[in-house]
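Contents: one structure, followed by commentary.
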Amino acid sequence: MEYYEDAREALIREIKEETNLDIKLSTIFDIHSNFYNLAQHTVEIWFLVEEYRGNIAPGDDIGALDFFSSAEIKEQNIVLAFQGFNYKFLSFKVSMYSLPQIANSANTL
């Protein structure tokens, strides 16, 4: 996120840069405080995506990219991109949804 950048605008920009998808954000899903680095407190703001357009493709700093259901993540032992995502995704209320449902405009949450 750039200095003076709105959190929603930053997420829309980052998703486009990293996945080639244009997204329409819905509501804030959850907020998490992170203490992975004791010298730096960070905060995650999780948004629901109302719809997306485009063909998913990894950005230049991503090795691979795809959609997985929460069941597939558990069954295949898939490691998610950031440090706390595995724990949060698999043990928190986001597990009620699959990733394609969150991002797929054909589905209603």
Exercise. Does the range 8-27 contain at least one residue that is farther than 20 Å from I62 by Cβ and of a type in the set (V, I, T)?
Worked result: yes
Exercise. If the Cβ limit is 7 Å and pairs must be 6+ apart or interchain, which residue in the range 49-73 that is of a type in the set (S, T, N, Q) pairs with which residue that is in a loop (DSSP other than H, G, I, E, B)?
Worked result: N55/N20; S69/S98; S70/S98
Exercise. If we only count helices (runs of 4 or more DSSP H) wholly inside the chain, which ones have 3 or more residues that are at pLDDT 80 or above?
Worked result: 7-19, 70-76
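The values are calculated or read from the model by the stated rules, or taken from the named source; none is laboratory data. Remember, it's a predicted structure, so these values are computed and weren't measured experimentally. Methodologically, a virtual Cβ is constructed for each residue, glycine included, from the backbone with ideal geometry; neighbour enumeration extends over all protein chains shown.
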